[in-house]
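Below is one structure, written out as C-alpha cells, with a few remarks after it.
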Amino acid sequence: MSAVIDNHGHAHDDHHADHGHPPGLMRWVSTTNHKDIGSMYLWFSFIMFLMGGVMALTIRAELWQPGMQIVQPEFFNQMTTYHGLIMVFGAIMPAFVGFANWQIPMMIGAPDMAFPRMNNWSFWLLPVAAILLVSSLAVGGAGVGWTMYAPLTTQAGPGMDLLIFAVHILGMSSIMGSINIVTTILNMRAPGMTLMKMPMFVWTWLITAYLLIAVMPVLAGAVTMTLTDRHFGTSFFNAAGGGDPVLYQHIFWFFGHPEVYIIAIPAFGVVSQVIPAFSRKPLFGYASMVYATSSIAILSFMVWAHHMYTTGMPVAGQLYFMYATMLIAVPTGVKVFNWVATMWRGSLTFETPMLFALGFLFLFTLGGFTGLVLAMTPVDVPLHDTYYVVAHFHYVMVAGALFSALSGVYFWLPKWTGNMYDETLGKWHFWLSMVFFNITFFVQHFLGLAGMPRRIPDYNLQFTAFNQISSIGAFGFGLTQLLFLYVVLKCIRSGEKAPDKPWDGADTLEWTHLPTPAPYHTFENPPTVK
Amino acid sequence: MNDAVLTETAASNRQTLRRLLVVALLMFGFGFALVPMYEKICEVTGARNVFLPDDVSTQNTQVDFSRKVSIEFDANVQRLEWTFKPVEPYLDVHPGEMTQVVYEIRNTLDRPVTGQAVPSYGPREAAQYFKKIECFCFQQQTLGPGEVRRLPVVFVVDPALPKSVNTITLSYTFFEVAGTRKNPG
C-alpha cells in the first residue's frame, strides 16, 4: 500500500509543475493530460447527446399523429439522418473514448496515454467535425439516412459534401485515438500487469481499438467513393457508368457491422467492471470473457450482409449470413452467462451504477433476442425497414451502450471529481430512464410487426395510439437526462467528499493505489502488480 | 521512471504507431479493393455479371404472336351529307398488339355540321375483346363547310379473344347530332 503514499506525495511535489498549463480556455485547447482530454470527450459527447436528443424529439413530435404536423418531409428525413450520425459518432463513441482516456492509464498503471499530443488532436478534431456536420443543415442538409446509401447520396445537394468531410474528420479522430489506445495498452502497462491480468474494461478497449483501426478507413473509402462519384466523374455506384449501388451497401456494412460492436464492446467492458464491484466477487470466467469478446470482434467482420437480405442476394449467401449471424449469439451468450454467474451468490448492493448495469443486462439481452429474430432471413424480409428494426437497435444502442456509459459515469464519478453523487437522485434517474425507455421503444416492436415503415413522417391511422405512447416516453426520457446533468453538476460542485475506495468490491488500480480525487498526474512511478 | 526506460518506451511506442498506421492505410486500400473483388465474386458465383447488360427480354410478352386476326373497317353515314371511309379497308393484327388506323371524313355541305359516330362490332361477342384506347367516336366532331379531317382509332384486341373468331368487323355510323344545326341567317 506504500504506493498510495508515494504517489500522493509525488503529486504534491509536482504541484507547481501541474499548473504550468496556460490559464483559461487555452488550458483546454493545449492540454495533453489524459484526464483533461477524457473530461472534454465526455462533455462533448453529452452536448452531442442533447443535440441528437432534440432531433429525436422533433421526430417523435412529428409522429405524434398521422399527417404532416410540424416539419416538412425533407426536414424529417434530415432529422433521422443527423440524429443517427450525431448519436453514433458524436455521442456514444466519444463517450467511451472519454472513459478510455480517463481509465486506461489509471487501470494499467501508466502515467498518461502513449501519444499525449496526438491525443489532443484526436479530441479537437471532433468539434470541427461536429460543426461541419451541423452546418450542413444550413445549406439544405442531406436527408439520406445515417447509412448514406447511394444513389441518393450521389444525387443529394451540397449538404452531402459537408457530411462527407465531417465523416472523414470523425474517422481520422477515431483512428488517431485508437492507435493511441492500442499503443498505450501494449507498451505502457505497469510491471507485472500481463495481458491476462488487465481489467476487463482495458481488454474490451484493446479489441475495440483494433476494430476501429480496421474499419474506419473502409468507411472513409466508401464516402470518398461517393464524393468522387458526385464530383469527379467516377462511377463506383453509378449504374449508368458501370457501377453498382449495391456495392456501396457492401462496403458500408463491412464497416457498419463491426461499428455495432465498436459501440457495444466498451459497454461490455464497463459492465464487466461494475457488476463484480457490486457483487463483491471477481468477474466469473475472466478468460472466457476475453475469448468471447475476441470472437465477437472477429465474427463481426463476417456477417455484414445480414443488413442486406432484401437486395436480391443468392440464397446461398442469405443462408451463410443467417447462420454466421446466429453464431454471434454464442459468445454473446457466454458473456451474459458470466455476468449473471458473477452475481450468483454475491453479496449484492444496488447503488446507481449497479442499477444501470442491471438495466443494461436485461434490456441488452432483449435487444439481442430481437437481433436473433431479425437474423433469420425469411423473418427479416417482411420486417426490413420497419419500426421493429428501430426498436431492436435502440434496445442495444440506448439500453445497451448508453445505460452502460451512465453506469460508468456514476461508478467513476467519485474518483474523477472527489465527490459522491446524490444517490437518491441517481436512483430516480435510473428508474425514470428505465420506465420511459421502455415506454418509448417497447411499443415500437408492435408497430414494426404491424408493418409501420421507418424514416417516414406520416403513417396509417391505426398506428396512432402506439405512436403517441412512444412519443410520450421519448419526451419523458429526454427530460430525465436533464436530471442526469443536474446530478453530475451537483456532484462536482457540492457533493460529499468521497473516500479513496467508495465501492467495497472495486479492485482495480485506480481504486486500490490512487487517492480520491485522482491527482492530475498519476503513476509517474509505475506500481508493481502481483 | 528513469530516462533510459522513458526513451525505450517512447521508441517502442513510435514503432507501434508506425505499424498501426500501416494497418490503417492498408484498410483504406482494402475499401477500394472491395470494388474489383465484388465484381469478380458476382461474376464467378453467377449472381450478376456487372459488365453485361441485364438479361431483360425486349419482346412484349403481352402480344400473342401465334395467331392473327383480320380486322375489317366499315364506315356508314345516316342522313348526313358526309363522305366517310377508312384509309385502309382491312388489317391483320396479333391479339395484344396496339394498332392505329385512320378514317377520313369530308363535309360536303356548305354549312358547319356536328356529327357523332357510333361503333358496332361483328360478330357481336367480339365487342368485349375489342379495346379502343383512342377513338374519334369518343367525342362529337364538328366540321366546317367542305372540311376534310383524318381521324385516328387506336385499339388492342384482347388476347383472350376466342379462337373461333378470326375476323372482326368494326363498323362506324355517323349521325348528325340533333339540335346542333344553326339556322342560316
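Miscellaneous remarks
- Of the chymotrypsin sites (Phe, Trp or Tyr not before Pro) found in segment A:275-380, the ones in coil according to DSSP and having at most 15 other Cβ atoms within 10 Å of their Cβ are A:Phe301, A:Trp344, A:Phe350.
- Here's how it looks for B:Thr169: its modeled amide H is under 5 Å from those of B:Glu72, B:Gly122, which are all 5 or more places away or on a different chain.
- Reduced Cα scattering model of segment B:69-176, Debye log10 I(q)/I(0), q = 0.20 Å⁻¹: -0.98
- Distant-in-sequence amide contacts of B:Asn76, defined by a placed amide H-H separation under 5 Å and a gap of 5 or more residues or a different chain, comprise B:Tyr172, B:Thr173, B:Phe174.
- Selection of trypsin sites (Lys or Arg not before Pro), segment B:72-156, meeting DSSP coil and at most 16 other Cβ within 10 Å: B:Arg79
- Exposure rule at most 16 other beta-carbon atoms within 10 Å, DSSP loop GluC sites (Glu not before Pro): chain A longest free segment: A:1-495
- Karplus 3J(HN,Hα) series, Hz, for segment B:98-110 with 6.51 cos²θ - 1.76 cosθ + 1.60 (x for Gly, Pro): 7, 10, 10, 10, 10, 10, 10, 10, 10, 8, 8, 8, 9
- The HN-Hα couplings worked out from phi for segment A:148-158 by the Karplus form 6.51 cos²θ - 1.76 cosθ + 1.60 (θ = phi - 60°) are 6, 5, 6, x, 4, 5, 6, 10, 6, x, x Hz, whole numbers, x standing for Gly and Pro.
- Angle in degrees between helix A:200-231 and the longest Cα principal axis of chain A, rounded to the nearest 10: 40 degrees
- Point-to-point label distance, B:Gln140-A:Leu327, nm (Cα→Cβ direction, 7 Å offset): 7.9 nm
- Percent breakdown of C-alpha pair distances by 10 Å bin, ordered from the shortest bin, for chain B: 8, 22, 15, 11, 8, 7, 7, 6, 5, 5, 4, 1, 0
- Principal-axis tilt of helix B:3-45 within chain B, Cα atoms, nearest 10 degrees: 30 degrees
- With bins 10 Å wide beginning at 0, the percent of Cα pairs of segment A:32-512 falling in each bin runs 4, 20, 31, 29, 13, 3, 0.
Quick note: the coordinates plus some simple rules give every number you see, no bench work behind them. No experiment lies behind these values; they were computed from the predicted model shown. Note that we place each Cβ from the backbone using ideal geometry, even for glycine, and neighbour counts take in every protein chain shown.
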